[in-house]
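Participant: Take a look at the following structure, please.
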Amino acid sequence: MAHQTRRDFLAATAFAGVTIPFTSVAHARAAREHDYTYEIQRTEEEWLEILTEYEHSILRFNGTEWAKTSDLWDDYREGEFYCKGCDLHIYSSEWRVKLDKGWVFFSHGQPAAVLMDIDKAANYSMTGGIDRTMIEAHCRRCGSHLGHILMVDNKLVHCINGVSLKFEPKAV
């Protein structure tokens with residue numbers, strides 16, 4: 001199945017550039033470019049034992065699911081969200097942001113759970129050569145690609161692929 005890129009989504013909807021503190025972005029980028037070692041290390045074969053090929057393409061190769069294809073995009077039940085790659089607690093339903101855009105949105109993640117990086121592929125391609133920096137969101141423990149951090153409807157949000165998450169509903 002082909003993937004719609006978040007870059008395509010952003011270009012089509014003309015979102016504004018991201019405005020976040022660049023010191024944290026620079027720190028995260030430096031960590032990934034300078035032999036940052038994730039706690040969870042797996043071979044490609046090991047990743048494919050725990051992820052489907054589709055999940056693997058998103059979590060390990062920075063893909064993006066098509067809008068409104070995840071069961072989680074419009075599921076606002078109370079509960080907790082974990083990285084599908086390593087089960088790290090990443091988000092809580094109390095931080096969900098209701099946006100009818102087709103992905104799972106959060107105002108923020110758990111402390112020290114999300115590692116940011118600059119999406120170099122998106123910087124020029126989505127804006128026809130105008131430099132608009134996009135920030136990728138990755139799991140701090142295993143490096144799996146979660147989605148992007150960006151401005152949507154004048155809100156800075158984590159725009160996350162539902163396939164990158166495991167959801168555990170709150171016990172009733």
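Participant: Using a 1.4 Å probe, what is the accessible area per residue for the stretch 59-115, in Å²?
Facilitator: Per-residue value: 45 Å².
Participant: Rounded to the nearest 0.05, what FRET efficiency do Val172 and Asp75 give with R0 = 25 Å and r taken as the Cβ-Cβ distance? Could you check? Walk me through the numbers on the way to the answer.
Facilitator: Numbers: r = 15 Å, r/R0 = 0.60.
Computed FRET efficiency for Val172 and Asp75: 0.95.
Participant: Further question: Past the 18 Å Cα-Cα mark, which pairs from Lys101/Lys170; Lys68/Lys101; Lys101/Lys155; Lys98/Lys155?
Facilitator: Lys101/Lys170
Participant: Which of the peptides 38-46, 160-168, 56-64 is most tightly packed, and how do the rest follow, going by the mean number of other Cβ atoms within 10 Å of each residue?
Facilitator: Values: 38-46: 11.6, 160-168: 21.9, 56-64: 19.6.
My ranking of the peptides, most packed first, is 160-168, 56-64, 38-46.
The values are calculated or read from the model by the stated rules, or taken from the named source; none is laboratory data. Remember, it's a predicted structure, so these values are computed and weren't measured experimentally. Note that each Cβ is placed from the backbone with ideal geometry, even for glycine, and that neighbours are counted across all protein chains shown. Calculation scope for accessible area: heavy atoms of the full protein, side chains included, ligands and nucleic acids excluded. Shrake-Rupley method; radii C 1.70, N 1.55, O 1.52, S 1.80 Å.
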